[in-house]
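Following: one structure in structure tokens, then a few remarks.
The values are calculated or read from the model by the stated rules, or taken from the named source; none is laboratory data. Note that this is a predicted model, so its numbers are computed, not measured. For neighbour counting, all protein chains shown are included, and Cβ atoms are generated from backbone atoms with ideal geometry for every residue, glycine included. In case anyone asks, the SASA skips ligands and DNA or RNA and just uses the protein heavy atoms, side chains included. Shrake-Rupley method; radii C 1.70, N 1.55, O 1.52, S 1.80 Å.
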Amino acid sequence: MSDGQYGEDLRYRLVSENYWAIEHIPPLDGHMYKALVLHGEAQRNKVQEALAHHDEREVLLDLVKEDKELYGRPQYVAIKHLSAERAQHPLVVRAFIREADIARQLSHDNIAHYVDDFWDRRDGHNDRFMIYRYEESNNLRVWIDDNNRMKRATESRLPQVVGIGVQVCRALEYAYTVPEDGGRPRRIVHGDLSPENILVSTTGEVKLVDFGSAEPRRSWLRRAIGRFRWTREVLGSLPYMSPEQAQLEPLDNRSDLFVLGIVLYEMIAGKPPYTGTDATMMACCRRGGISSAKLASLPAEMRPLVLKALRRNPRRRFREASEMIEALVRL
């Protein structure tokens with residue numbers, strides 16, 4: 001595969017003059033990659049020669065060693081790829097562009113650090129890329145699966161649940177209240193909060209990714225969605241939806257806090273409160289709330305928090321992320 005021709009697998013592909021994709025980052029649908037930052041023409045020539053002779057691994061080891069000697073450590077980034085095939089769906093392109101636009105506006109310890117984005121149209125191709133600082137972490141899905149596999153007691157999970165939940169709240173609060181140039185709050189809603197979009201390092205530091213990727217203009221979406229297939233980038237992810245999101249209504253910060261309630265429940269119980277087929281989960285999301293039986297699977301001290309977070313009526317939920325933080329730290 002020549003330079004500039006990107007399929008769904010970018011491993012060992014030269015992405016622009018500055019980045020060499022070397023490893024897939026699971027499980028984001030195969031569209032996120034770890035890449036080595038290339039320093040100068042000499043390193044780029046080494047990569048091009050490696051691609052020509054199919055000795056990528058050996059050259060990669062040489063470049064990593066070279067970086068360690070010159071800079072103390074190799075420099076990596078995370079690359080999000082929108083392929084030409086996926087770019088055939090206008091709503092998906094719209095979501096990708098919106099995510100990049102929002103990422104440029106956000107700078108917070110608990111939000112993935114945006115570096116750059118570009119559109120590669122070389123050789124008639126149509127690939128879009130977004131570059132983030134690489135984080136040594138796994139997404140929250142891995143944390144949940146590991147706890148389930150080890151059959152950890154729900155009570156023993158609670159301290160980490162609180163720590164992760166507080167950091168997610170801080171990111172959400174920042175995005176919703178960070179001021180524009182004129183001083184007004186930006187009111188940025190995540191719109192696709194899920195375990196896959198919450199990164200957790202080995203030290204417990206949280207980073208949110210995919211901020212603002214779900215389509216916020218719900219009235220416009222009602223007219224457009226009939227022409228396109230279901231996409232996570234546009235609508236969000238089942239079962240991680242508030243009632244208003246599932247019904248294509250306008251969203252505010254309380255929608256994200258509803259979904260965080262689902263995630264917190266899953267971190268403790270091992271599975272989300274809404275399960276089943278897509279149709280069943282969608283119906284549950286639209287109804288909101290939580291049954292007494294499922295609530296009983298949580299430690300008693302956590303039940304009021306989840307109950308409030310999952311209220312169908314946004315006015316009866318947590319009004320601000322800071323309010324949810326107060327409830328979490330009391331656990």
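Distance distribution P(r), the chain, all Cα-Cα pairs, bin width 10 angstrom from 0: 5, 24, 31, 23, 12, 4, 0 percent. Here the spin labels are modelled as points 7 Å beyond Cα on the Cα-Cβ line, and at Tyr71 and Arg44 they lie 1.5 nm apart. Principal axis extents of the Cα atoms in the range 9-64, from largest to smallest and rounded to whole angstrom, are 33, 20, 18. Under the simplified labelling scheme, the Trp119-Ala84 pair shows an inter-label distance of 1.5 nm, with each label point 7 Å from Cα along Cα→Cβ. How much of the accessible area of the range 53-166, in percent, comes from carbon and sulfur atoms when a 1.4 Å probe is used? The nonpolar share, carbon plus sulfur, comes to 48 percent. Overall form of the range 31-131: oblate. Here a/c, set by the Cα gyration tensor axes a ≥ b ≥ c, is 1.5 or more, and a/b is not larger than b/c.
In terms of distances greater than 31 angstrom between alpha carbons, the cross-link table entries Lys68/Lys271; Lys65/Lys271; Lys207/Lys294 yield Lys68/Lys271; Lys65/Lys271.
An oblate overall shape is assigned to the range 232-320, the ratio a/c of its alpha-carbon gyration tensor axes (a ≥ b ≥ c) being 1.5 or greater and a/b not exceeding b/c.
Using the Cβ atoms and a cut-off under 11 Å, what net charge is assigned to the surroundings of Val142, where Lys and Arg are +1 and Asp and Glu are -1? Summing Lys and Arg as +1 and Asp and Glu as -1 gives -1. Which of the three applies to the range 79-162, rounded, prolate or oblate, going by the alpha-carbon gyration tensor with a ≥ b ≥ c and a/c under 1.5 meaning rounded? It is prolate, given that a/c is not under 1.5 and a/b is the larger ratio. Within the chain, the whole DSSP H helices whose Cα atoms reach 15 Å or more along their own axis and whose mean Kyte-Doolittle score is at least -0.5 are 90-105, 154-177, 253-269. Ala50 sits among other residues whose Cβ lies under 11 Å from its own Cβ, and their net charge, with Lys and Arg +1 and Asp and Glu -1, is -2.
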